[in-house]
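Below is one structure; the comments refer to it alone.
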Amino acid sequence: MADEYAHRPVTVAGKTAVVIGGTSGIGEAIALSFASEGADVVATSRTEEKVAATAERLRELGAATIEATTDVTSRASIDGTRDRVIEEFGSVDVLVTSASAVARTAVDETTEEEWRHVLDVQLTGVYRATQSFAAVMDEGSIVHVSSLAPQLAIANLSTYTAAKGGVDAYTRAAAKELAPEIRVNAIAPGYVVTPQNVDLIGEGTEARERIRRRCPMGDVADRSEIAGAAVYLASDAASYTTGEVVTVDGLFGRSVF
Ligand SMILES: NC(=O)c1ccc[n+]([C@@H]2O[C@H](COP(=O)([O-])OP(=O)(O)OC[C@H]3O[C@@H](n4cnc5c(N)ncnc54)[C@H](OP(=O)(O)O)[C@@H]3O)[C@@H](O)[C@H]2O)c1
């Protein structure tokens, strides 16, 4: 009787996951969280030292892993990592993309170079990684780390906002094509303190005080609170969830007063 109502497990235990942009900030938290649940995890980015350091932490948590660098601006680089993962593990169940590039520039000052770079990493990187890994995933889950930004109007962030709006739209469209075997979702985090924004919203900054005043949940998110959403989306419990952008912002984005 109980089985009829039992949901599938909210865990990634036993799965093989690749986290691109998984050596820092949100991506690293997701990689470590997956490993602590019993997944095998490859956390990758451009920098060898960061890859090695995260791999060490993954091993300490009991995960099998390999050390591979990846640059999402290169299709050959992504394919190379994918092939090494397949060689080592035989299959991939979960892909997470969390590579970061930001331009904090006004509309009339943004250069074509800045525009191209942010879109190359944030949007075209998502396309490249999705295409590359979907080709070898018989079934599984893809989770893109998007942002709250495309749901808002933030000054001096138009390039990033456009890229992330593209990620949300691409997530829905790709989900339609890749269903039912592969689910594609995105997470839209609000503010999380990471190396790329610690100067802006770290402890003691004026912006951090403003976030504390405005956010109904009282502060920025801890990285682990974004990882929780990734675990759910990657797990079998989310077996009917696809094409979704899951906002994890402590209600910051929709809170007016
Ligand atoms: N922090 C926030 O408040 C926040 C809010 C909403 C959304 N996000 C999004 O969350 C994601 C992660 O951001 P974060 O704050 O965690 O940033 P982070 O701590 O700076 O981490 C970024 C990661 O991306 C990797 N990376 C950068 N360029 C890359 C490339 N070309 N190819 C592969 N990997 C690359 C970095 O490693 P290497 O330097 O070694 O490549 C690093 O592992 C980003 O997509 C960001 O837009 C962040």
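The values are calculated or read from the model by the stated rules, or taken from the named source; none is laboratory data. In this text the structure is predicted, and so the values were computed from the model without any measurement. Note: ideal-geometry Cβ built from the backbone for every residue, glycine included; neighbour counts use all protein chains shown. For accessibility, only protein heavy atoms count, side chains too; no ligands or nucleic acids. Shrake-Rupley method; radii C 1.70, N 1.55, O 1.52, S 1.80 Å.
Laid out as a table, the results:
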| read-out | value |
| --- | --- |
| Cut-off under 5 Å, modelled amide H: who pairs with Val184 long-range | Ile142, Gly243 |
| For the range 118-171 and the range 198-235, distance of Cα centres in Å | 20 Å |
| Using θ = phi - 60° and Karplus 6.51 cos²θ - 1.76 cosθ + 1.60, couplings along the range 211-221 (whole Hz; Gly, Pro as x) | 4, 4, 6, 8, 7, x, 8, x, 5, 5, 7 |
| Positive minus negative residues near Gly243 (Lys, Arg vs Asp, Glu; Cβ under 12 Å) | 0 |
| Mean accessible surface per residue for the chain, computed with a 1.4 Å probe while every protein chain stays in place, in Å² | 49 Å² |
| Where Rh is the Kirkwood radius over Cα pairs, Rg/Rh for the range 136-257 | 1.01 |
| Vicinal HN-Hα couplings computed from phi for the range 35-46 (Karplus, 6.51 cos²θ - 1.76 cosθ + 1.60; Hz; Gly/Pro x) | 5, 5, 8, x, 8, 8, 9, 10, 9, 10, 6, 6 |
| For the range 24-118, convex hull of alpha carbons as volume per residue, Å³ | 104 Å³ |
| Hits among lysines - C-alpha to C-alpha of Lys164 under 22 Å, sequence gap 8 or more where chains match | Lys176 |
| Whole-percent pair-distance distribution, where bins are 5 Å wide, for the alpha carbons of the range 96-201 | 2, 12, 22, 23, 18, 11, 7, 3, 1, 0 |
| Placed amide H near Val248: partners under 5 Å, 5+ positions off or other chain | Ala188, Gly190 |
| Viscosity 0.890 mPa s, temperature 25 °C, Stokes-Einstein D of the chain from Kirkwood C-alpha radius, µm²/s | 133 µm²/s |
| Burial order of peptide ranges 219-225, 84-90 (average beta-carbon count within 10 Å, highest first) | 219-225, 84-90 |
| Long-range HN-HN contacts of Val18 with modeled amide H, under 5 Å | Val42, Val94, Leu95, Val96 |
| J(HN,Hα) series, the range 62-72, from Karplus relation 6.51 cos²θ - 1.76 cosθ + 1.60, nearest Hz, glycine and proline x | x, 7, 7, 8, 10, 9, 9, 8, 9, 10, 5 |
